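S.K.: One structure follows; several queries about it will come next.
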Amino acid sequence: MLIAPLLGAQQELPGRADVRKALEYIRGNHEAHLERQVRIAEIPAPTFHEAERARFMADQLRRAGLRDVEIDKQGNVTGWRPGKTAQTLVLAAHLDISFAPGVNTKVRKEGKRWYGPGLADDSRGLAALLAIAEAMNHAKIETRQTLLFVANVGEEGLGDLIGIKYLFRESPHRERLKAFISIDGTNPARITNGGTGVKRYRVDLRAPGGHSYGNFGRPSAIHTAGRIVAKLAAMEAPPSPKTTYNVGRISGGTAINAIAEECTMEIDLRSESPGELDRIELKMHEAVRLAVEEENSFRGPSGLQVKAATRLVGQRPAGQTPETDALVRAAQWASRATGHTPRLGYASTDSNFPISIGIPSVTLGGGGRSDNAHSLQEWFEPEDAWKGPQTVLLTILAYDSAER
């Protein structure tokens, strides 16, 4: 299963009896881990509503043999596996799903695929987290570094990485945390060592309102939103460095026959480049300003105006853990060791924040195949899914054994 030759201390890992035992445990318990993944996915956990799933994960981490398991002030579940030193590597997967409260989280199976909101993103990561903890204790693996296992809140949507930000900025353990791995997505070949920068805005539009017929000619909050969307949709964004924009939600109005008094829209801006992110942010502000001016000018005879208030509601810093860093090298070796061709890349994940403060960080796949994330048609195929937690485990051990 493992390739050679390997460099330095990594060369010894494939032959170690405890490592082989842990890897065999993960593969041999694949079906049980899949069953638990489904169980996790069926516990509703929209962002800011993760408490029930957090309690389940706390119980499972205790069963896996971790020490001092608790739910911290922010709602993260934490559990410790002591090493020979206090220097700590964090292994995390996020609790929340990208859906509103009330979503049906029942998982169904059709052929080789399993369907369910959040089944892959990130119930697979949580299942892999537990599998790794169990395997390490089953094989009695010892590490130089202490490991902190975390099931964190607030990765999706407007959560704005609050769980991981708390861990590294405010938790009593923050000074010990020296490296970070998150499990998110599924593909073990993909190593996210770059954090895509994100800025999220809420635009609130307010107008006088009125009857759609009797007061026709007054400015409309919803019509103004339409003008904004049209301008945004026409914006060009560079394919490299990848830069994107999206109007994700619009709400407002009171009735079909009422001129809209209010409308709210949420806008997501992303780029691998901080400079390009700043540029597209300026274009968004200009689109809002021009749309308001156009609506007010067009409805000028009414003597009334629509007004806009734009507010930043989420920000994820851009950055990168260099390809030469020991953690990235360990992840690449581990990916090859489980039969994959590793590729580095950018994404917006929990790794963004620790990268931004100089902590070596990567995000790795939890195994299997998946698509349609953030959709009610999200699916997961479990074939060879055990290779995900195997790859993450080997990354941990390779990094732990590296001389630094």
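Just so it is clear, none of the values below were taken in a lab; they were calculated from the coordinates. Quick caveat, the model's predicted, so the values are computed rather than measured. Here Cβ is always computed from backbone atoms with ideal geometry, including for glycine, and neighbour counts include all displayed protein chains.
S.K.: Relative to the first principal axis of the alpha-carbon coordinates of the chain, what is the inclination of helix 274-298, with its axis defined by its Cα atoms, in degrees from 0 to 90 and to the nearest 10?
M.R.: 20
S.K.: If the reach is capped at under 20 angstrom between alpha carbons, list the aspartates and glutamates near Lys140, excluding any in the same chain fewer than eight residues apart.
M.R.: Glu12, Asp18, Glu24, Asp68, Asp400
S.K.: Go ahead and set up a Gaussian network model of the chain, Cα springs under 10 Å, then flag whichever of Thr264, Thr363, Thr349 fluctuates most.
M.R.: Thr264
S.K.: If you put +1 on each Lys and Arg Cβ and -1 on each Asp and Glu Cβ, how big is the dipole of the chain around its Cα centre, in Debye rounded to 20?
M.R.: Roughly 340 debye, rounded to the nearest 20.
S.K.: Kindly put Arg329, Arg311 in sequence by how many other C-beta atoms sit within 10 Å of each C-beta, fewest to most.
M.R.: Result, fewest neighbours first: Arg311, Arg329.
S.K.: Follow-up question, since we're still on this one. Determine the gain in length on full extension of the stretch Ala258-Arg343; use 0.36 nm per residue of separation and subtract their C-alpha separation, reporting nm with one decimal.
M.R.: 25.3 nm
S.K.: Quote to one decimal, in nm, the extra length available between Glu294 and Ala230 on full extension: 0.36 nm per residue of separation minus the C-alpha distance between them.
M.R.: Contour length minus the Cα-Cα distance gives 21.8 nm.
S.K.: In addition: Counting only C-alpha contacts under 8 Å and six or more residues apart, can you give the relative contact order of the range 197-316 as a whole percent?
M.R.: Numbers: 244 pairs, mean separation 53.3, N = 120.
Relative contact order here is 44 percent.
S.K.: Please tell me which of these pairs span more than 32 angstrom C-alpha to C-alpha: Lys178/Lys242; Lys73/Lys283; Lys283/Lys387; Lys199/Lys307? Mind showing how you got there, number by number?
M.R.: Working: Lys178/Lys242 29 Å; Lys73/Lys283 38 Å; Lys283/Lys387 43 Å; Lys199/Lys307 22 Å.
Cα-Cα > 32 Å for Lys73/Lys283; Lys283/Lys387; rest within.
S.K.: Next up: If one computes the Cα centroid of the range 225-279 and of the range 8-79, what distance in Å separates the two points?
M.R.: When both Cα centres are located, 38 Å separates them.
S.K.: Sticking with this one: What is the calculated FRET efficiency for Arg311 to Arg279, with r their C-beta to C-beta distance and R₀ = 22 Å, to the nearest 0.05? Can you show the working numbers first?
M.R.: On the way: r = 20 Å, r/R0 = 0.91.
Approximately 0.65, to the nearest 0.05.
S.K.: Helix 51-63 versus the longest principal axis of the chain: what angle, 0 to 90°, nearest 10, using Cα atoms?
M.R.: Long axis of 51-63 versus the principal axis of the chain: about 10 degrees.
S.K.: Among Ala135, Ala309, Ala189, whose mean-square fluctuation peaks in a Gaussian network model of the chain (Cα, cutoff 10 Å)?
M.R.: Of the options given, Ala309 has the highest mean-square fluctuation.
S.K.: Right, next: Estimate the FRET efficiency between Arg108 and Asp371 by the formula 1/(1 + (r/R0)^6), using the beta-carbon distance for r and 22 Å for R0, to the nearest 0.05.
M.R.: Working: r = 16 Å, r/R0 = 0.72.
So the FRET efficiency works out to roughly 0.85.
S.K.: A further question follows. Counting other C-beta atoms within 10 Å, which of Lys231, Lys109, Lys387 has the fewest, and how do the rest follow?
M.R.: Result, fewest neighbours first: Lys109, Lys231, Lys387.
S.K.: Here's another thing I want to ask about it. Ignoring the sites themselves, what is the longest stretch of the chain with no chymotrypsin sites (Phe, Trp or Tyr not before Pro) in a DSSP loop and at most 15 other beta-carbon atoms within 10 Å?
M.R.: Of all site-free stretches, the longest is 1-212.
S.K.: Suppose every K and R has +1 on its Cβ and every D and E has -1 on its Cβ; what is the size of the dipole of the range 197-316 about the Cα centre, in Debye to the nearest 20?
M.R.: Values: 17 positive and 14 negative charges, 33 e Å.
Computed about the Cα centre, the dipole is about 160 debye.
S.K.: As an exercise, use a Förster radius of 22 Å and the Cβ-Cβ distance of Arg176 and Arg62 to find the FRET efficiency, rounded to the nearest 0.05.
M.R.: Here the calculated transfer efficiency is 0.55.
S.K.: Towards the positive end of the charge dipole of the chain, with charges on Cβ (+1 Lys, Arg; -1 Asp, Glu), say which of Ala309, Leu282, Gly15 has the farthest Cα.
M.R.: It is Gly15.
S.K.: Also, I was wondering about something else. Cut-off is 10 Å between beta-carbons; in what order do Leu95, Leu13, Leu312 appear when sorted fewest neighbours first?
M.R.: So the residues, fewest neighbours to most, are Leu312, Leu13, Leu95.
S.K.: Counting pairs of alpha carbon atoms under 8 Å apart in space and at least six apart in sequence, what relative contact order in percent does the chain give?
M.R.: Worked out over the chain, it gives 23 percent.
S.K.: Further question on the same structure: Taking the chain as a Gaussian network, Cα atoms linked when under 10 Å apart, which of Ala347, Ala237, Ala330 shows the biggest mean-square fluctuation?
M.R.: Between Ala347, Ala237, Ala330, it is Ala237 that shows the largest mean-square fluctuation.
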